[in-house]
1. Expected output is a single nm value to one decimal: the length gained when fully extending between VAL305 and GLN280, i.e. 0.36 nm times separation in residues minus the C-alpha distance. What is it?
2. So if I take the alpha carbon set of the chain, get Rg, then get Rh from the Kirkwood formula, what is the Rg over Rh ratio?
3. Using θ = phi - 60° and the Karplus relation 6.51 cos²θ - 1.76 cosθ + 1.60, list the HN-Hα couplings for the range 86-94 in order, rounded to whole Hz, with x at every Gly or Pro.
4. Using the Karplus equation 6.51 cos²θ - 1.76 cosθ + 1.60 (θ = phi - 60°), what ³J(HN,Hα) coupling, rounded to whole Hz, does each residue of the range 122-134 give in order, writing x for Gly and Pro?
5. Taking amide H positions as placed 1.01 Å from N in the peptide plane, with prolines and chain starts having none, which residues 5 or more places from HIS168, or on another chain, fall under 5 Å of its amide H?
6. Do any trypsin sites (Lys or Arg not before Pro) in the range 67-172 lie in a loop, going by DSSP, with at most 13 other beta-carbon atoms within 10 Å of their beta carbon, and if so which?
7. Please list, in chain and number order, the residues 5+ apart from HIS55 or on another chain whose amide H is under 5 Å from its amide H, with Hs placed from the backbone.
8. Gap in Å between the Cα centre of the range 231-291 and the Cα centre of the range 333-352?
Amino acid sequence: MSENSCSSCQSCSDGNCGDRLPPGMLCQYNLNQETSDGIMVFIELIESEGALRLHPSVPGILTKAREISDGRLFGIIFAKVDGKDLYDEIFSYGVDTLYHMRNPKHHGYSPRSYSRSFSEVIKRVGPSAVLLPATPIGRELAPLTAALLETGLTADCTDLKIEGCRLHMIRPALGGNIIASIVSDSYPNMATVRPGAFSDVKKETGRKGTAISHPYTIDEETEKSTSDDILDITESRILISIGNGVRKPSSVDYAFKIAESIGANVSCSRTVVDKGWLPQTRQVGQSGKMVSPDIYIAFGISGSVQHMAGVKAKKIITVNKDRNAPIASLSDTVIVGDCDQILRKWADSLQN
Ligand code: FAD
């Protein structure tokens, strides 16, 4: 590496890539079996008696990860500056490198901000496996992060093994009648671990590791709009419903602007919930809510059986780039076009 070369990335030689990162975080967006190394654990923190602590399931997961990994063990925490008080304890459970995601406005778990930052760190570090406790937070954060990484996820593991770079994720299946050992071809291999699965904890007091403090962004506007569920979608007479065909997060804001102008509400398909763009309370369908508005305007929704099971509308208007999407045959009006563009133009026209 030349004297001027970038300490953050391997691809630029002049140190001017504009993508400077803390040491240890490389511009590595190519997650695969050859380049991946080590295990990354989401270290969930809780507040107890005014102090920040590790979730009780975390030491067991770290101990297990240390035991099965012959590579590095990475941890990640989201906290204000007080997260520093936990470094020694975290290193004592075998963590080599700890990413401390910091924001002075940190106010605890927020799904969208955590999953976005977590996935970015994973992309840059390139671990072969990622583990989270199967707590309510872990159960939500894991699929959101896996969706952003476009990788698989095995939930609720009770044991773990590693062969080469491949994680064997072991859990009861078929109603608990068999114990399945699941392997995945997508990288990183991701799993949540049932709390209490690993009760043996090994601690090496005084063990040293590296802590890397890195700012993370809290998407206040979106967090507010998603948690601020005042109107129940089941009570709305007009629903603007968005699906996977909506590609730009800004289109969600346009949908809300339109809804506000015309007295409607915003609902969605499950893919939008999986992306972390809207909360599950806005999901229509078999595993969401049953809605019966006068008008259901579906943007970029294909019309799966599971989604349409929740739609009992008087009129369905579909906006889709595919004239033959299954929802088209169930719709009163079909507008063939790009939904991001149409949402933006509609919102602009209402504003003007
Ligand atoms: P997709 O199927 O990906 O469709 C996207 C659509 O957008 C396509 O028609 C495409 O032509 C169109 N499109 C793409 N780009 C553009 C563009 N630029 N402009 C315009 N159109 C575009 N799903 C639910 O929604 N609710 C549920 O409650 C639910 N429960 C489920 C329960 C179970 C047990 C299972 C297995 C699945 C469930 N699903 C549910 C998931 C369901 O099977 C579908 O995967 C999901 O509904 C698909 O969502 P979608 O239509 O938004 O996305």
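Derivation of every value follows stated rules applied to the coordinates shown; laboratory data play no part. Note that the coordinates shown come from a computational prediction; the quantities given were computed from them, not determined experimentally. Glycine gets a Cβ as well: all are built from the backbone with ideal geometry, and neighbour counts include every protein chain shown.
1. Working: separation 25, 0.36 × 25 = 9.00 nm, distance 1.80 nm.
Difference between extended and current length: 7.2 nm.
2. Details: Rg = 22.7 Å, Rh = 22.2 Å.
In the chain, Rg relative to Rh is 1.02.
3. Here the 3J(HN,Hα) series is 9, 3, 4, 5, 5, 5, 5, 8, x Hz.
4. Once rounded to whole Hz, the list reads 4, 4, 7, 7, x, x, 7, 9, 10, 10, 9, x, 7.
5. When sequence neighbours closer than 5 places are left aside, the close amide H contacts are LYS161, ILE162, GLU163.
6. On the way: sites: ARG72, LYS80, LYS84, ARG102, LYS105, ARG112, ARG116, LYS123, ARG124, ARG139, LYS161, ARG166; in loops: ARG72, LYS80, LYS105.
Of the trypsin sites (Lys or Arg not before Pro), the ones in loops of the range 67-172 whose Cβ has at most 13 other Cβ atoms within 10 Å are LYS105.
7. Here GLU44, LEU45, ILE46 satisfy the definition.
8. 15 Å
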